[in-house]
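Have a look at the structure below before the remarks.
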């Protein structure tokens, strides 16, 4: 991996709410084309980390560089331009409830590009199909969709501008195991064909085992280890042992081994 | 990706018998508009391309892939995917799979005069349904009240007191201030008109009659509809949204008893008190204007007031307060229960609750005015 391949670099990040320090001297790197999973206990600041990287929260100290640009030092225009290069899937979808799925996907396209309407419609239809939604879901409203379909619709919107990085906040939370596995596969397939990088936060051990190239463990206010899963499992830390060595961790590991045929 | 990058284009090349489409530049979203027009033109003209040359292709994203596949059309070019490189061929493959999915056309947005009729019809239907639901709900509340009235164990005293504080005590400053101001305005209006007849003194009657019979209670009702009725809808609505209402049911409790009764009773108790306050404030407002600009001293105002006004006007006014309070609270709570899944729906029903309660209050007030006139009170 060369320097140029690092597309997100978080250095010395510190986040503080009042007197409570959430992150202290946190470092993290994401390289082009890889899927990085962030795990950590409840309250370990996974979501705060994500919000710091996508610029929704100004860190107390430290720097966040995306595509080599320090997001704290960007002007508003540069910031907007940067934002068109990443897609974010929020935990509950965050679809605009007054718009149909199709119009949700069209929002960023209409905002950033001046395209004729029928081309816009075709692009939206393609994104909706890419996200694995049936065609008749396009004109439904978010309130009429099931949990899995909301995630897919939100993914279609996140993919609207062909992002180079996709941020996923608990992509499989609230989905049934079949839906969750299908969603994992979808992310993997899309990453392989569209070539974006993924930073995801998850509690789902199956997601970690099936799609993540590297796993970053958040504990004691920093990233304890960020490495391929096999290395992380061997890492000597009480929390990590409990996390991967527990009954759920073991069964997910077994399932992953069975799936790959080892 | 806002930068246009390398301009994208398609060149038509006649090489012998072959017609080759040479694709160049960045096929990305930024160039999509011009590319789309170009692709359509080529597809519309009877250019029977036998080959697509992608050696000059720059960047390619999903939109570009979509256009490229559209350009290829139905005649599958065997070499086409081969020469594009492995990474891109998987992109093209995924996109072509997605394009093969059945397409639902965007719903056509048309408008005809008939739609207007339809909307009017729907509006009337909703109105009728709302009226029926409100009547049903009023019955439900009364039934629930009757069932728990004589069972002190089931009284929700804490909740009742809390809501009396929220809807009554906390509303005192705004109700008093607004009534004072309206009282002053009415005194000014009356004075301007009555001066021409040399009957300035009748301003006292104007202010006291209007506040005792109508304005005191009506102003309070409108303020409370906007302040507490909407709050009831939002509170119950957000509880409905978070399935708290369902939780109350599964715990063997009655939502009407737990949530609605304390609110309705609180308002029924608070509103006559607030209305009385509004009447006093309004008359003081009138008296202030009389004293400051009409040369009617407060003593004169009070003695005139005592001479001309009988107590029954106060009862006519205050008698309406509990009825208005009951209606406002019932509509507020009912609209809260009508909230469905989304946060948007909370907003919708809150608006609807305020509009409905003000409408019903004014309607009932008008009916009451006719009634009192007929029986000559």
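Of note:
- Options A:161, A:119: the member that is outside any loop (DSSP other than H, G, I, E, B), within 7 Å of another protein chain (Cβ to nearest Cβ) and touching a helix residue (DSSP H, G or I) at 6+ places or on another chain (Cβ under 6 Å): A:119
- Residue tally, condition under 25 Å from residue A:149 (Cβ atoms) and out of contact with any helix residue (DSSP H, G or I) (no Cβ under 6 Å at 6 or more places or on another chain), over segment A:60-87: 1
- Among residues that are closer than 30 Å to residue B:199 by Cβ, part of a helix (DSSP H, G or I) and either more than 14 Å from chain A (Cβ to nearest Cβ) or over 25 Å from the mean Cα position of the chain (by Cα) (or both), residue B:278 is included.
- Any hit, segment B:32-39, residues being part of a helix (DSSP H, G or I), farther than 29 Å from residue A:136 by Cα, within 14 Å of chain A (Cβ to nearest Cβ) and modelled with pLDDT of 80 or more: yes
- Of the strands (runs of 3 or more DSSP E) that lie entirely inside segment A:197-262, those containing 3 or more residues that are farther than 24 Å from residue A:183 by Cα span A:222-227.
- Any hit, segment A:102-113, residues being more than 10 Å from chain B (Cβ to nearest Cβ), surrounded by 22 or more Cβ atoms within 10 Å (Cβ to Cβ) and within 21 Å of residue A:174 (Cα to Cα): no
- If you check B:206, B:251 for being out of contact with any helix residue (DSSP H, G or I) (no Cβ under 8 Å at 6 or more places or on another chain) and modelled with pLDDT under 95, only one passes: B:251.
- Single match in B:337, B:324, B:305 (criterion: more than 27 Å from the chain's Cα centre (by Cα), buried (at least 16 other Cβ atoms within 10 Å of the Cβ) and more than 14 Å from chain A (Cβ to nearest Cβ)): B:305
- Subset of segment A:142-151 (residues that are surrounded by 16 or more Cβ atoms within 10 Å (Cβ to Cβ) and more than 9 Å from every other protein chain (Cβ to nearest Cβ)): A:145, A:148, A:149, A:150, A:151
- Test: residue in segment A:91-98 that is surrounded by 22 or more Cβ atoms within 10 Å (Cβ to Cβ) and facing chain B (nearest Cβ under 9 Å): no
- Cross-chain or 6+ apart pairs with Cβ under 9 Å, segment B:266-278 first and free of Cβ contacts under 8 Å to residues at least 40 places away in the same chain, then surrounded by fewer than 24 Cβ atoms within 10 Å (Cβ to Cβ): none
- Of all residues in segment A:77-102 being over 21 Å from the mean Cα position of the chain (by Cα) and at pLDDT below 85, the one that is nearest to residue A:194 (Cα to Cα): A:97
- Those helices (runs of 4 or more DSSP H) of segment B:42-143 in which at least 2 residues are within 13 Å of chain A (Cβ to nearest Cβ) and modelled with pLDDT under 80, considering only elements entirely within it, cover B:86-100.
The values are calculated or read from the model by the stated rules, or taken from the named source; none is laboratory data. The model shown is predicted, which means the values in this text are computed figures rather than measured ones. In this analysis, Cβ positions are derived from the backbone assuming ideal geometry, glycine residues included, and neighbour counts consider all displayed protein chains.
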